[in-house]
Amino acid sequence: HYGRGLRFRMKSAILFVAVGLASWLSLADADVSKTQKQHDVNYLLWKVNEVLRDDKLKNLGETFNPEADKSHYDDGGEAVHLLMEEDKDHRLLEQKHWFSLFNSRHREEAIMLFEVLIHCKDWETFVSNAAYWRNHMNEGQFVYALYVAVLHHPLTEHVVLPPLYEVTPHMFTNDEVIQKAYNAKMTQTPGKFKSTFTGTKKNPEQRVAYFGEDIGMNTHHVFWHMEFPFWWKDSYGHKLDRKGENFYWVHNQLTHRFDHERMSNYLEPTKELDWSKPIDEGFAPHTTYKYGGQFPSRPDNINWDDVDGVARVRDMIITDNRIRDAIAHGYIVKEDGTKVDIMNDHGADILGDIIESSTYSPNVQYYGALHNTAHIMLGRQADPHGKYGLPPGVMEHFETATRDPAFFRLHKYMDNIFRDHKDSLPAYTTEDLTFDGITVTEFSVEGDLETYMEDFEYSLVNAVDDTPEIADVEISTIIPRLNHKEFSYHIAINNNNGVDKLATVRIFGWAHRDENGELFSFDEGRWAALELDKFWVKLHAGGNEFVRKSSEASVTVTDVPSFKTIMERTVD
Ligand SMILES: [Cu+2]
């Protein structure tokens, strides 16, 4: 069956979580410092809108003086001095206020905290700063900066970050359920509430809401952008390799995977966004900020409006033209006026840096920030002139962006820009594509590619307010999530080289037929292809046969343990 066959497991497909998990298992052994770090991170994030619930951390937060000994920072305390000055001048965002990474001042402050943490030379300094700034900064900024710092700091290599949907549940959970959680807390009555996907069946888009609203996929999206922040500077310690190309690839896969979900539900593929046409689909998020009210809704078929203080629609079209011009010319122009050829392997990487744009963009002044600005433009269409004082839209947070079908339209639009570039490159030659002496003689799949929905439960304890005097009651929600039955690939490869060869196997798939039952051409299919697996094999001389299980796939991982489980298992 062409439809259901291509709904694959999507439970948080992130490799680095898998790496984190593997190391987490070794927590049980008596490595005090690893356990201590895990313990500290747990409590820094536990009830992040409340006072610290760990005595040592609470004490650090109140007594630590970040500037007392600057020899503990590898930048001589420069970053911490800057942040202290901002704090003294009362310039920092208040607590109990929404935070959006796409708000440039919010982001600037969060990065200042990240820079303090990344420059700490030892754990004591790291954790003391974290405890101190948790008390002094906005909670959203704190969570963001701490997550990015833990992901990138060599000191926190073995720390497992708790699932974001249990740290900031408001960003992942419908407000009907959040409201029930508050009620459960106030009446001290434990509750397990069923979550449903937003909207009604009158909206065909609701058929695929399970994809855009999947908490694992949302977490994956946030984590990808934390692994590859667009504001990253190499002075933090290392260069993020092929960041621009990775930006293209991860969003290409996200977009086409969504299209496959659509086809499985008899919906046409996502149409690209167009600055000169109305935005067809509206969206009602049914989601509320912890602080700041409801996420704004957008009605169907509205025309684009300029957004005060962000961009005019005209500017977006100009930016688009400049990028398409670069693709047509085959080169981009750097800030200093020199040309850089993009008609090669590296072109997609440069274009990715330009389109997002990231600090790696060779000319932000000219090529702008198409992706980031488009996110804000879409997020603000409900209140483009700020007349109603609405908070940012779902598009202005990586946690919530994919809930809005316009997210996929935006990314289809950008994917097509990359496609223009890729199609302008010379075709691969036979030599490019052949592996001398190696022939795949057999490929088959055992087991049906069959999917199903299964219930998943997560805690809402961190969604609600509380005080140390009153004990917690169990509050959780249950939401259906897509999963798939196990299957395996059987592959036979002949190696005629007479010696062992190391090979990379990459498996791609795409729907055999589209939503109308029409056959996909190979050319259409290759662009819509989904990477299903990637791994190395050693090929001995002669015939080789092997089986690869779907559970071993490079694009899936098991879920991160719940916050509660992580806390329970953080013991010496
Ligand atoms: Cu993204």
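Throughout, read-outs are computed from the coordinates displayed, never taken from laboratory work. Being a predicted model, the structure only gives us computed values, none of them experimental. We place every Cβ from the backbone using ideal geometry, glycine too, and count neighbours over all the protein chains shown.
So, R0 is 25 Å and r is the distance between the beta-carbons of residue 502 and residue 547; what FRET efficiency does that work out to, to 0.05?
0.85
Could you give the size of the charge dipole of the chain about its Cα centre, using +1 on the Cβ of each K and R and -1 on the Cβ of each D and E, expressed in debye and rounded to the nearest 20?
920
To the nearest 20 Debye, how big is the dipole of segment 458-572 about its Cα centre, given +1 on the beta carbon of each Lys and Arg and -1 on that of each Asp and Glu? Can you show the working numbers first?
On the way: 12 positive and 19 negative charges, 174 e Å.
Once rounded to the nearest 20, the dipole reads 840 debye.
Taking the Cα centre of the chain as the origin and placing charges on Cβ (Lys, Arg +1; Asp, Glu -1), which of 326, 392, 521 is farthest toward the positive end of the dipole?
Selected residue: 521.
Using the Cβ atoms and a cut-off under 13 Å, what net charge is assigned to the surroundings of residue 423, where Lys and Arg are +1 and Asp and Glu are -1?
0
Specify whether the C-alpha gyration tensor of the chain places it in the rounded, prolate or oblate class, a ≥ b ≥ c being the square roots of the eigenvalues: rounded for a/c under 1.5, otherwise prolate if a/b is larger than b/c and oblate if not.
Rounded, since a/c falls under 1.5.
Roughly speaking, what is the stretch gain from residue 241 to residue 457, that is 0.36 nm per residue apart minus the C-alpha to C-alpha distance, in nm to one decimal?
Taking 0.36 nm per residue and subtracting the Cα distance, the gain is 74.2 nm.
Going down the table (37/180; 34/564; 96/121; 201/564; 56/192; 37/58), which pairs top 25 Å between alpha carbons?
Long pairs (Cα-Cα over 25 Å): 37/180; 96/121; 201/564; 56/192.
Would you work out the relative contact order for the chain, in percent, from Cα pairs under 8 angstrom that are 6 or more residues apart?
Dividing the mean separation by the residue count of the chain yields 22 percent.
Taking Cα pairs under 8 Å and at least six residues apart, what relative contact order does segment 480-572 come out at, in percent?
Relative contact order of segment 480-572: 39 percent.
Under a point-charge model restricted to the Cβ atoms of Lys and Arg (+1) and Asp and Glu (-1), what is the dipole moment magnitude of segment 204-424 relative to its Cα centre, in debye to the nearest 20?
200
In sequence order, what are the phi-derived ³J(HN,Hα) couplings for segment 529-543 according to the Karplus relation 6.51 cos²θ - 1.76 cosθ + 1.60 with θ = phi - 60°, rounded to whole Hz, with x for glycine and proline?
4, 9, 6, 9, 6, 7, 7, 9, 9, 9, 9, 7, 4, x, x
Which of the chymotrypsin sites (Phe, Trp or Tyr not before Pro) across segment 316-394 are loop residues per DSSP, with 11 or fewer other Cβ within 10 Å?
388
Would you work out which of 418, 488, 449 lies farthest towards the positive end of the dipole of segment 410-492? Charges go on Cβ: Lys and Arg +1, Asp and Glu -1.
Value computed over the given set: 418.
Sequence neighbours fewer than 8 away in the same chain don't count; with that in mind, list the lysines whose C-alpha is under 30 Å from residue 534.
Within the straight-line limit of under 30 Å, residue 534 reaches these lysines: 11, 233, 239, 243, 271, 412, 422, 485, 501, 549.
Which of 254, 368, 477 sits farthest toward the positive end of the charge dipole of the chain, with +1 on the Cβ of Lys and Arg and -1 on the Cβ of Asp and Glu?
477
So what's Rg/Rh here for segment 204-424, counting alpha carbon atoms and using the Kirkwood radius for Rh?
Details: Rg = 17.3 Å, Rh = 18.1 Å.
Dividing the radius of gyration by the Kirkwood radius yields 0.96.
Once you keep just the Cα pairs under 8 angstrom separated by 6 or more residues, what percentage relative contact order results for segment 204-424?
This gives 29 percent for segment 204-424.
In terms of the Cα gyration tensor, with a ≥ b ≥ c the square roots of its eigenvalues, is segment 523-569 rounded because a/c is under 1.5, prolate because a/b exceeds b/c, or oblate?
Here segment 523-569 falls in the oblate category.
Please order 41, 473, 560 by the number of other Cβ within 10 Å, starting at the fewest.
On the way: 41 23, 473 17, 560 26.
The fewest-first ordering by Cβ neighbours comes to 473, 41, 560.
Neighbour counts of other C-beta atoms within 10 Å: give me 555, 80 arranged from fewest to most. Mind dumping the intermediate values first?
Values: 555 18, 80 26.
Fewest-to-most ranking of 555, 80: 555, 80.
Label segment 482-572 by shape, choosing from rounded, prolate and oblate, from the square roots a ≥ b ≥ c of the eigenvalues of the Cα gyration tensor; if a/c is under 1.5 it is rounded, and otherwise prolate applies when a/b is larger than b/c, oblate when it is not.
It comes out oblate by the Cα gyration axes.
If you rank 484, 158 by fewest surrounding Cβ atoms within 10 Å, what's the result?
Numbers: 484 21, 158 18.
By the 10 Å Cβ count, ascending, the order reads 158, 484.
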